[in-house]
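Have a look at the structure below, then the notes.
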Amino acid sequence: MAAPTAELRRRFGNDPARWDAFRQQCAQELKRNGALLGELRSLARHGRVTLVFSARDEAHSDAVVPQEAVLQGDSGGFQLNRGATMSDMIYPPASRELAAKRRELAPEIQTAFDAFSQRVFADGALPAKTKQIIAVAVAHVTQCPYCIQGHTKAAMRHGATEQELMEAIWVAAEMRAGGAYAHSAISLTTMAEHKPQGG
């Protein structure tokens with residue numbers, strides 16, 4: 001298992017201020033497990049290796065060090081490679097081959113989806129630029145990297161400014177946070193209904 005020990009994760013506590021120390025300790029743990037590191041590198045040479053993590057902060061997740069170790073490919077020095085990102089390991093790059101495969105497997109559905117997408121993003125009561133800005137905001141809520149990149153480019157092609165896009169992203173952030181805040185009503189009501197007698 002390439003994950004750091006539970007004790008090491010507990011000390012880190014997802015605190016970015018402790019990241020450097022956590023990262024070095026993770027590296028030391030993984031270096032001591034040379035057989036596992038060698039197996040990961042062998043798997044990576046023959047195909048895709050997916051490192052699964054649950055942290056929202058991708059840059060400070062406990063999968064970063066195993067990823068860097070695999071990409072480094074130097075079991076002697078174990079130097080950390082800052083150039084790659086987790087997205088490089090998890091998400092295959094968009095390509096014509098993948099698009100063609102999707103179409104080959106379900107051609108009629110793909111054609112219908114293409115027509116639907118084109119109609120949705122065409123000028124209407126809302127101009128295409130506005131629709132693409134909305135799409136950028138929504139993509140940050142659904143957290144689809146392909147959508148974020150594709151709709152950001154499309155929005156800029158339709159004349160959206162960097163400032164407009166950033167404000168849209170902040171709207172998405174507020175709405176997502178607002179959802180947690182608003183739904184606290186359910187928890188508060190449940191607490192009141194199940195409050196111990198005499199408490």
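Out of the residues in region 143-164 that are hydrophobic (A, V, I, L, M, F, W, C) and under 11 Å from K129 (Cβ atoms), state the one that is surrounded by the most Cβ atoms within 10 Å (Cβ to Cβ). So the residue we want is A155.
Counting the residues of region 143-193 that are part of a helix (DSSP H, G or I) and either under 23 Å from F121 (Cα atoms) or of a type in the set (V, I, T) (or both) gives 29. Within region 119-142, the set of residues being charged (D, E, K, R) and either assigned to a helix (DSSP H, G or I) or surrounded by 12 or more Cβ atoms within 10 Å (Cβ to Cβ) (or both) comprises R119, K129, K131. Close Cβ contacts (under 7 Å, 6 or more residues apart or on different chains) running from residues in region 117-131 that are of a type in the set (S, T, N, Q) to residues that are at pLDDT 95 or above are absent.
Residue check: is F116 closer than 26 Å to R96 by Cβ, over 23 Å from the mean Cα position of the chain (by Cα) and surrounded by 11 or more Cβ atoms within 10 Å (Cβ to Cβ)?
So F116 fails the test.
The values are calculated or read from the model by the stated rules, or taken from the named source; none is laboratory data. Note that the coordinates shown come from a computational prediction; the quantities given were computed from them, not determined experimentally. Positions of Cβ are generated from backbone atoms using ideal geometry, with glycine treated the same way; all protein chains shown enter the neighbour counts.
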